[in-house]
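Chemist: Could you have a look at this structure, given as structure tokens, before my questions?
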Amino acid sequence: MADRVTVIGWDGSPLTAAARSALGAATLVAGAGHHLALPELPGRAERIRLGSVSLAARRIAAHRGTAVVLADGDPGFFGVVRTLRAPEFGLEVEVVPAVSSVAQAFARAGMPWDDAQVVVAQRRTLRRAVNVCRAHPKVAVLTSPGAGPAELGLLLEGVHRTFVICEELGTDREQVTVVTSDNAADHTWRDPNVVIVIGGPTAPSDDSAWLAGGAPSATPRGWALPAAEYGGRLGEGETEPLRAAQLARTGPRVGDLVWDIGCGNGAFTAEAARFGAAVIAVDRDADACARTLATARRFGVQPQIVHGTAPHILEDLPEPDVVRIGGGGAAVVSAVADRRPQRIVTHAATRDAAELIGRDLTEHGYRVECSLLQSVELDTRAWTEKERTVGFLLSGELPDRNP
């Protein structure tokens, strides 16, 4: 095992005295091509071009001597330190940090970033990174080849965002460009780059901000809020008990894309978005779309609202993770199941309708649960019954999809 491993962050500025001292003593240096060309590297040191960090870690673990790993920005922030410290390598590292590329990007843009979400876009995480960009007004995306500004723009079709694209930060080829998301695919971008994605409502300035990534908004505490919070009476598919059960079954979270089909007044849409998920709300009624937009503005969330009739309108929508079906019956359930979301929830007024939907989900490979929900609202002044609702809650989970 290497006697000593030092990880040095590099942001384009001159190396610190600590970094130069570590490099001067190194018998092995690992880094990208531009790192290995730095004049401070000792001529006698073995050099490893850093491709796979895991392979480099194995070489370092087998090395007898002093190793240095060079990395762009802060190596402890979505960087190589996590891999080097993995138990299978047994490496203890010292870190000489530099300014992270995210901090540099926001500095170039002249913007604060304590309220920003930060995501990594690789081929396998690109879709989830895009969903975060759909759901949040300020996101920094650390890109990779094949998952860069052009791909982000293409997957954000139908959602307007502004991109601040920072290429090759800290080098003499550094460039900062501002484009709209629909124009990002018209250019060729150099790696590495950071994309700041901006759009939608921005929270007002607050000197008492205390949580990085954006503090929870000052909306009412709780979930499955009463109808009064949504401007009046809700439809039968939006009652508080049913909505609470639907949220529990779908479990919307950051990085998810939720379809809310038959969005009504937008109650489920707003609450799923408050969990941090991206939401596409669909309704054939233009007034329902308008009410959902008003609800979204009231709660400070930003779903994409689509006016059209399911199932036909669903054909061009991006792939969902979870779907709530508030209307449309078995035909819509079948069309949604064809898209293979991980979870589907819906409701039925009768047992026959519930059985029809349940069989359809089962035939599509879903594990189905069905519950009869009954709720009674009481007038607490006289403790008399005000309203009784009864319905069947159906949920389907696809066993072969990761949760």
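The values are calculated or read from the model by the stated rules, or taken from the named source; none is laboratory data. The shown structure was predicted, so the numbers you read here are calculated from the model rather than taken from an experiment. Cβ placement follows ideal geometry from the backbone for every residue including glycine, while neighbour counts extend to all protein chains displayed. All accessible areas refer to the heavy atoms of the entire protein, side chains included, with ligands and DNA or RNA removed. Shrake-Rupley method; radii C 1.70, N 1.55, O 1.52, S 1.80 Å.
Chemist: Before we move on, is residue 290 in contact (Cβ under 8 Å) with a residue 12 or more places away in the chain and aliphatic (A, V, I, L, M)?
Modeler: No.
Chemist: Same structure, new question: Given the residues 75, 87, 42, 97, which is the only one that is more than 26 Å from the chain's Cα centre (by Cα) and crowded, with 16+ Cβ neighbours inside 10 Å? Spell out how you get there, then give the answer.
Modeler: Working: 75 fails: more than 26 Å from the chain's Cα centre (by Cα); 87 fails: crowded, with 16+ Cβ neighbours inside 10 Å; 42 fails: crowded, with 16+ Cβ neighbours inside 10 Å.
The unique qualifying residue is 97.
Chemist: State which residue pairs qualify: first residue on the phi < 0 side of the Ramachandran plot and inside segment 338-363, second residue open to solvent by 80 Å² or more (accessible area, probe 1.4 Å) and acidic (Asp, Glu) in any location, beta carbons under 7 Å apart, and separation of 6 or more residues or different chains.
Modeler: 339/319
Chemist: Under 7 Å between Cβ atoms, at least 6 apart or on separate chains: pull out the pairs that start in segment 373-384 with a residue that is part of a strand (DSSP E or B) and end on any residue that is of a type in the set (Asp, Glu) and open to solvent by 90 Å² or more (accessible area, probe 1.4 Å).
Modeler: Correct list of pairs: 376/385; 378/385.
Chemist: While we're on this one: Restrict the check to segment 124-145 and report whether at least one residue is assigned to a loop (DSSP other than H, G, I, E, B), touching a residue at least 40 places away in the same chain (Cβ under 8 Å) and in contact with a Lys or Arg (Cβ under 9 Å, 6 or more places away or on another chain). Spell out how you get there, then give the answer.
Modeler: We begin by selecting, within segment 124-145, every residue assigned to a loop (DSSP other than H, G, I, E, B); these are 124-125, 136-137, 143, 145.
Narrowing the set further to residues that are touching a residue at least 40 places away in the same chain (Cβ under 8 Å) leaves 136-137, 143, 145.
With the extra rule that they be in contact with a Lys or Arg (Cβ under 9 Å, 6 or more places away or on another chain), the set shrinks to 145.
For segment 124-145, residues assigned to a loop (DSSP other than H, G, I, E, B), touching a residue at least 40 places away in the same chain (Cβ under 8 Å) and in contact with a Lys or Arg (Cβ under 9 Å, 6 or more places away or on another chain): present.
Chemist: If I ask for residues that are part of a loop (DSSP other than H, G, I, E, B) and open to solvent by less than 40 Å² (accessible area, probe 1.4 Å), which ones from segment 100-114 would you list? Even if it seems obvious, please write down each step before you answer.
Modeler: From segment 100-114, those part of a loop (DSSP other than H, G, I, E, B) are 100, 110-114; that's our starting set.
Selection gives 100 alone.
Chemist: For segment 118-138, name all the residues that are within 16 Å of residue 194 (Cβ to Cβ), of a type in the set (S, T, N, Q) and either open to solvent by 40 Å² or more (accessible area, probe 1.4 Å) or in contact with a Gly (Cβ under 7 Å, 6 or more places away or on another chain) (or both).
Modeler: 122
Chemist: Looking at the structure I just gave you, is residue 61 at pLDDT 95 or above and open to solvent by less than 40 Å² (accessible area, probe 1.4 Å)? Can you show your working first?
Modeler: Numbers: at pLDDT 95 or above: no; open to solvent by less than 40 Å² (accessible area, probe 1.4 Å): yes.
Here the answer is no, as residue 61 does not meet what is asked.
Chemist: What helices (runs of 4 or more DSSP H), lying completely within segment 264-363, carry at least 1 residues that are open to solvent by 30 Å² or more (accessible area, probe 1.4 Å) and of a type in the set (Val, Ile, Thr)?
Modeler: 351-363
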